[in-house]
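S.K.: One structure, as structure tokens, below. Some questions next.
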Amino acid sequence: MNAVFPGSFDPITSGHMDVLTRAVKIFDHVTVTVMHNARKQGRHLFTLDERLEILRQATAHFGNVSVDSFGGLLVDYMARQPGGVILRGLRAVSDYEYELQIAHLNRQIGDAETVFIMAATRWSFVSSSMVREIASYGGDVSEMVPRASAGALRQKFADVYAEREAAQAGAARSAADQTPTV
Ligand code: ADP
């Protein structure tokens, strides 16, 4: 059976990767699909092309994952993949209420089934928006995202990272200067 993992992936996080790692063992094939809306274009940190490139790099080691994008209703996309199911990840009860509503709607308007996979609890606090927020201040997100996302975030916020690292190096130097030598 094939699964479609739809989302914004702005950018893909370790939580998404955890869901994918579990899904590739269950499904024959998983398509990670960036759902985009031309009207919401400016609301994302990464452009659609950037998100697709990050996803391609982050998922290259899986033998049964492909990357795609779609700008429309998910049920219309699912109609092109007969027999496929929608895959969504769950972090906490807070995700469940929203996801339940969407899953019911997708079944009602498009007869599309949704399968949920829970990520490991260590990722339950990780979201793309939190990662973007931390990176926008030059914080370390390397544990929370795959290497491709970390590199892209570093590039996007290159000035902030350089400034923070210079300040940290300065602080370390002045701490060393104040260390008594005897
Ligand atoms: P969307 O904008 O559709 O919510 P996201 O890229 O934020 O897109 O998420 C895609 C899917 O991955 C959703 O099902 C979401 O609940 C799930 N997800 C996001 N972060 C995590 C995480 N840390 N652990 C498990 N699932 C997650």
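The values are calculated or read from the model by the stated rules, or taken from the named source; none is laboratory data. All figures in this text were calculated on a predicted structure; none of them were measured in a lab. Because the Cβ atoms are built from the backbone with ideal geometry, glycine has one as well, and the counts that use them run over all protein chains shown.
S.K.: In this structure, does Met17 turn out to be near the ligand (Cβ under 7 Å from one of its atoms), of a type in the set (A, V, I, L, M, F, W, C) and at pLDDT 95 or above?
M.R.: Taking the combined requirement at face value, the residue does not satisfy it.
S.K.: Quick one: is Gly110 of a type outside the set (Val, Ile, Thr), more than 15 Å from the ligand (Cβ to nearest atom), more than 18 Å from the chain's Cα centre (by Cα) and under 18 Å from Arg22 (Cα atoms)?
M.R.: When the stated conditions are applied, Gly110 does not pass them.
S.K.: While we're looking at this one, here's another question. Which members of region 118-164 meet the condition of being under 13 Å from the mean Cα position of the chain (by Cα), of a type in the set (A, V, I, L, M) and surrounded by 19 or more Cβ atoms within 10 Å (Cβ to Cβ)?
M.R.: Ala119, Val126, Val131, Val141, Met144, Val145, Ala150, Ala152, Leu153
S.K.: Select, from Arg43, Arg88, the only residue that is within 12 Å of the ligand (Cβ to nearest atom), closer than 26 Å to Ser136 by Cα and not polar (S, T, N, Q).
M.R.: Testing whether each residue is within 12 Å of the ligand (Cβ to nearest atom), closer than 26 Å to Ser136 by Cα and not polar (S, T, N, Q) leaves just Arg43.
S.K.: Quick one: how many residues across region 81-121 are at pLDDT 95 or above and basic (Lys, Arg)?
M.R.: Summing the residues that are at pLDDT 95 or above and basic (Lys, Arg) in region 81-121 gives 2.
S.K.: Follow-up question, since we're still on this one. Against the definition (farther than 30 Å from Ser136 by Cα, out of contact with any strand residue (DSSP E or B) (no Cβ under 6 Å at 6 or more places or on another chain) and away from the ligand (no atom under 14 Å from the Cβ)), how does Asp49 come out, yes or no? Walk me through it before giving the result.
M.R.: Numbers: farther than 30 Å from Ser136 by Cα: no; out of contact with any strand residue (DSSP E or B) (no Cβ under 6 Å at 6 or more places or on another chain): yes; away from the ligand (no atom under 14 Å from the Cβ): yes.
Criteria not met by Asp49.
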